[in-house]
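Working notes, structure below.
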Amino acid sequence: MWKFTVRRLLISAPQILLLSIIIFWLAKQMPGDALTGLIDPNISAERKEEMREQLGLNNPWYIQYKDWLAGAVQGDFGESFRYKMDVSELVWQRIVNTFWLSLVSVFFIYAIGLPLGIISGRYNDKLIDQLITGYTYIGFATPIFIFGLVSLWVFGFMLGWFPTGGSVEPGLEPGTLEYILSKLQHLLLPSLAIALIGTVGTVQYLRSEIIDTKQKDFILTARAKGAPERRVYNKHIFRNSILPIAAFFGYEIVNLINGTIFIEQIFAYPGMGNLFIESILQRDFSVVTALVLITGVGAIVGALLSDIILSIVDPRIRIK
Amino acid sequence: MEEKQTQNEQEQVIQKTPSGIKIFWKEILKDKLALFSLIFFVLVTAIVFTVSLILDKEQVVKVDLFAIHQPPGGDFILGTDYGGRDVFGQLIIGTRNSLWIGFLVTALSGFIGIVVGVVSGYFGGHIDNVLMRILDFFMVLPSTMLIIVFVSIVPEYSTLSFSLIMTAFLWMGIARLIRSKALQEKELDYAQASRTLGSSHFSIIFKQVLPNITSLIVVTMTLNLAANIGIESGLSFLGFGFPENTPSLGTLLSYATNPVTLEERWWIWLPAAILILVLMLAVRNVGEALKRAADARQRRA
């Protein structure tokens, strides 16, 4: 177990390093540098050169990279020239919003996916399973942005059941019950849109796991001992199938981030994905760099955690 | 006499082994949904490519301020958008562009995936190790974000650079599949025997391993085509797809980010949304039928 964890860590460390180099290189390709946002246009060329020297922009790339990385590790990503504030502060505000959106989405993903998967696996090839399989078949092929647009159109505009944008009703006092309720109300439709598409993989996986496990010897034994059907499903089969699903959560992070980029754009929800698109369009590249680095590291750490949990859950993986 | 009969039987058996294409056809003919999907897809492709030849592109993208936001009917079958441009014409050209880039990206990423997968699986050892570590790295990257960053900083951005950028982040799935299959295939007796008889690696890969995994390649690339159409339209929807003034299905959808358009002018974006969905489902239906045909155990009786 420890051997596997250490070996897995040894793969992740260079991944993060490589990612940071790529992002640094990309940042260098982006037009403009730290000075573009700071200087008013009247400043002389010599003064500009002096400031470049001061900020270390004339150093060779590896020294610049080292300085940049040292700053990034401490949460210093420079300043956003559009918002005129620290990138880390700006990004932090948006991360909190995206975190809530993702959390509620994850809740729905499992709240929808687990029951559907279990029913589908237990009654495989019956009518109810065919309905669920039909849903996963179509859900798998539906791009999340189309689903998001259509649900906003139908439930937000036509039926008027949900607010159509933003993260909270303006004018409410933070901390009050009304504020929290309004936040939840704004989260509901976007997170359901993410979950209904995102849960498809969980349903399909759980279904095939359960159908597989149903035919194993230990289930026959449990039945032969006279365990009631409910107990067989709830205790023996479900427990065996649920662990890998919990472990896949880390890999899900990448998908979740992908989904939030589209969904936040559609629902005008002020999260990271929304900030990312805005910043790219406005050429606010220090923000872009910070966001890509943070999500990239998040995805790498997520995959790492998933692999480690999987190795605990399923000893066969450790042998490799 | 008896000997002759068995010989006849043997000949019959040999005749009865159908070619791969025949099996595919049989499976598709049996699966009415897949057959319908295939016909639909071929029809849409044919219509879109021929009509866009006839269609006057200048006319389609020309701004006409007297015809802004006209609902369907009248002069324009599907109404007009915010610049008074014909939505139907944009739909045709957009579908053509989306399909075209779908094919291109599928072919490019398929090529890279097959090369990496076969080399990695066939040779194994250090080569496999290095290639798989690179693949793992690409798998874990936040690809949507990176594609968007590349798209917005590439100088002289064009359709070709767009498809190359997409390809760079989409070759891993097929590579991993092909690798595991090649890994199994090279251990089989026929490949080992060829090696013992002195065939070169090159000829074993091209004459024996590759032909044996063709069905897997065809199935995966069909399913990838469906996915790639979706990814392209998603990127175009966000505004990071085709270069400007080249409409795609996603471009029409991106007009719906304007709440008024979303709420009141459904004719601009809804046809494109439905078309993307139906096209992706159709391609996937065909892909699933091919998948069943490729696996003898799953074929329909």
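Annotations
- B:LYS32 versus A:ASP217: modelled label distance in nm, points set 7 Å from Cα along the beta carbon direction: 4.6 nm
- List of the stretch B:143-189 residues, accessible area with partners at least 30 Å² below that of the chain alone (1.4 Å probe): B:THR144, B:MET145, B:LEU146, B:ILE148, B:VAL149, B:PHE150, B:SER152, B:ILE153
- Contour minus Cα-Cα distance for A:TRP25 and A:ILE128 (0.36 nm per residue): 31.8 nm
- Overall, the protein assembly as shown carries a charge dipole of about 2680 debye about its Cα centre when +1 sits on the Cβ of Lys and Arg and -1 on the Cβ of Asp and Glu, all other atoms neutral.
- Shape annotation for the stretch A:93-284: C-alpha extents along the principal axes are 64, 36, 35 Å, from largest to smallest.
- Heavy-atom accessible surface of chain A: percent carbon and sulfur, 1.4 Å: 65 percent
- Over all orientations, the stretch B:22-298 has a Cα convex hull whose mean projected area works out to 17.9 square nanometres.
- Pairwise label distance in nanometres, A:ALA268 with A:LEU159, each label 7 Å out on the Cα-Cβ vector: 2.2 nm
- Rounded if a/c under 1.5, otherwise prolate or oblate - chain A, Cα gyration tensor axes: oblate
- Helix A:200-214 and the longest principal axis of the Cα set of chain A meet at an angle near 30°.
- Of the GluC sites (Glu not before Pro) in the stretch B:180-263, the ones in a loop by DSSP (not H, G, I, E or B) with at most 12 other beta carbons within 10 Å are B:GLU244.
- Descending principal axes extents, the protein assembly as shown, alpha-carbon based, whole Å: 105, 70, 61
- Given A:LYS216/B:LYS181; A:LYS126/A:LYS216; B:LYS22/B:LYS181; A:LYS126/B:LYS32; A:LYS214/B:LYS26, the pairs whose alpha carbons are separated by over 29 Å: A:LYS214/B:LYS26
- Residues in the stretch A:268-287 occluded by at least 40 Å² - accessible area, probe radius 1.4 Å, against chain by itself: A:PHE276, A:ILE277, A:ILE280
- The solvent-accessible area of B:TRP25, taken with every protein chain present and a 1.4 Å probe, is close to 130 Å².
- Accessible area (Å², per residue) of chain A, counting only protein heavy atoms and a probe of 1.4 Å: 53 Å²
- Against the compact-protein benchmark of 2.2 N^0.38 Å, the Cα-based radius of gyration of the stretch B:144-288 scales to 1.43.
- Largest GNM mean-square fluctuation across A:SER191, A:SER151, A:SER102, computed for chain A with C-alpha springs under 10 Å, falls on A:SER151.
- Interface size B-A, as summed buried accessible area [1.4 Å probe, Å², nearest 100]: 3600 Å²
- Surface composition of the stretch B:124-256: carbon and sulfur make up 62 percent of the accessible area, probe 1.4 Å.
The values are calculated or read from the model by the stated rules, or taken from the named source; none is laboratory data. Nothing here was measured: the structure is a model prediction, and the numbers come from that model. Heads up, the Cβs are rebuilt from the backbone with ideal geometry, glycines too, and the neighbour counts pull from every protein chain shown. SASA here: full protein model, heavy atoms, side chains in, ligands and nucleic acids out. Shrake-Rupley method; radii C 1.70, N 1.55, O 1.52, S 1.80 Å.
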